[in-house]
Amino acid sequence: MRTPVLAANWKMHKTIDEAVAFTAALREQVKDVTDAEIILSPPFTAVRAVADAARGTRLGIAGQDLFWETQGAFTGEVSAGLLKDAGATYVIIGHSERRHLFGETDAAVNAKVRAALASALTPIICVGETLEERESNRTLAVLDRQIAEGLTELTAEEAGGLIVAYEPIWAIGTGRSATPAQAQEAHASIRARLEQAFGRDAAARCRVIYGGSVKPESIRKLSTQPDIDGALVGGASLDPSRFAQIVAGGRPTPV
Ligand code: PGA
């Protein structure tokens with residue numbers, strides 16, 4: 001039985017004050033939730049403030065990216081150690097916006113995953129196909145490649161502890177979510193790939209979450225699919241009440 005993960009990805013939104021106000025509101029609304037992992041991913045500037053506002057709760061904090069070196073002359077970059085120091089225990093890696101807007105490759109994703117694991121940050125690794133890849137029937141091949149190359153040199157123990165986010169690019173921010181059946185097919189294929197590479201136990205432990213226009217209205221049908229272990233939520237995570245509704249719908253026994 002895998003614990004579901006409901007993760008908010010705020011992208012480039014929220015000042016420190018806004019992020020703290022959100023966290024204060026959300027902590028009230030989810031204070032009774034003990035059967036799901038709830039994660040907030042603020043911009044770097046608000047990580048510390050959100051971690052402070054979440055202290056004493058079960059809310060986890062994620063960075064939205066990291067750089068793989070531990071320190072040095074890398075202007076503008078943030079290391080795993082700096083994220084931990086600010087209060088993060090998770091980090092999103094290889095989001096499609098990083099891959100497509102900033103040219104991030106599978107090799108870079110792999111270096112970041114290994115850096116995160118070396119600092120005991122839990123990676124949330126994003127994979128997903130473009131519309132063109134889906135329409136030319138290449139979805140599962142693309143996911144296979146992203147998983148194989150992104151997770152190179154990991155041990156089975158490390159792979160089992162990961163969170164993989166399946167985010168079809170055509171569904172991100174478009175209002176057009178994958179259907180539960182489309183998502184389940186992709187998630188099952190990702191889990192089969194993990195089993196091939198890391199064995200049955202690791203594949204059974206690894207949480208595979210869905211992202212792409214998740215809403216309070218759509219979470220339940222998605223999260224009751226056998227291989228969908230929660231969601232990574234952008235737009236609908238910016239409002240604490242909407243995100244709390246998504247948390248409620250993604251729990252094993254919703255209230
Ligand atoms: P969305 O974003 O929920 O706004 O589609 C999801 C994501 O990019 O992680």
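Looking at the stretch 122-146 only, could you name the residues that are part of a loop (DSSP other than H, G, I, E, B) and open to solvent by 40 Å² or more (accessible area, probe 1.4 Å)? Correct list: Ser136, Asn137, Arg138. Name the single residue that is surrounded by the fewest Cβ atoms within 10 Å (Cβ to Cβ) among those in the stretch 152-179 being away from the ligand (no atom under 16 Å from the Cβ) and in a helix (DSSP H, G or I). By that ranking, first place goes to Glu157. Looking at Ala25, Ala54, Ala19, just one residue is touching a strand residue (DSSP E or B) at 6+ places or on another chain (Cβ under 7 Å) and closer than 21 Å to Leu232 by Cα, and that residue is Ala54. Taken over the stretch 110-136, the criterion of being β-branched (Val, Ile, Thr) and within 19 Å of Val208 (Cβ to Cβ) is satisfied by Val113, Thr122, Ile124, Ile125, Val127.
Among the residues making up the stretch 220-238, a single one is free of Cβ contacts under 8 Å to residues at least 40 places away in the same chain and under 23 Å from Glu97 (Cα atoms): Ala236. When restricted to residues that are touching a helix residue (DSSP H, G or I) at 6+ places or on another chain (Cβ under 6 Å), in contact (Cβ under 8 Å) with a residue 40 or more places away in the chain and of a type outside the set (Val, Ile, Thr), the stretch 15-35 contains 4. Which condition number does Gly212 fail, the rest of (1) farther than 21 Å from Glu185 by Cβ; (2) modelled with pLDDT of 95 or more being met? The one condition Gly212 does not meet is (1).
Being charged (D, E, K, R), in contact with a Ser or Thr (Cβ under 9 Å, 6 or more places away or on another chain) and either within 15 Å of the ligand (Cβ to nearest atom) or open to solvent by less than 40 Å² (accessible area, probe 1.4 Å) (or both) is not true of Glu149. Restricting attention to the stretch 102-119, which residues are open to solvent by 20 Å² or more (accessible area, probe 1.4 Å) and part of a helix (DSSP H, G or I)? Passing the criteria: Ala107, Ala111, Arg114, Leu117, Ala118.
It is to be established whether one or more residues within the stretch 182-189 are more than 14 Å from the chain's Cα centre (by Cα) and either closer than 17 Å to Val247 by Cα or of a type in the set (Lys, Arg) (or both). Checking the stretch 182-189: not a single residue is more than 14 Å from the chain's Cα centre (by Cα) and either closer than 17 Å to Val247 by Cα or of a type in the set (Lys, Arg) (or both).
The values are calculated or read from the model by the stated rules, or taken from the named source; none is laboratory data. What you see is a predicted model, and the numbers here were worked out from it, not measured in a lab. FYI the Cβ positions are ideal-geometry reconstructions off the backbone, even for glycines, and counts take in every protein chain you see. Heavy atoms of the whole protein, side chains included, go into the accessibility calculation; ligands, DNA and RNA do not. Shrake-Rupley method; radii C 1.70, N 1.55, O 1.52, S 1.80 Å.
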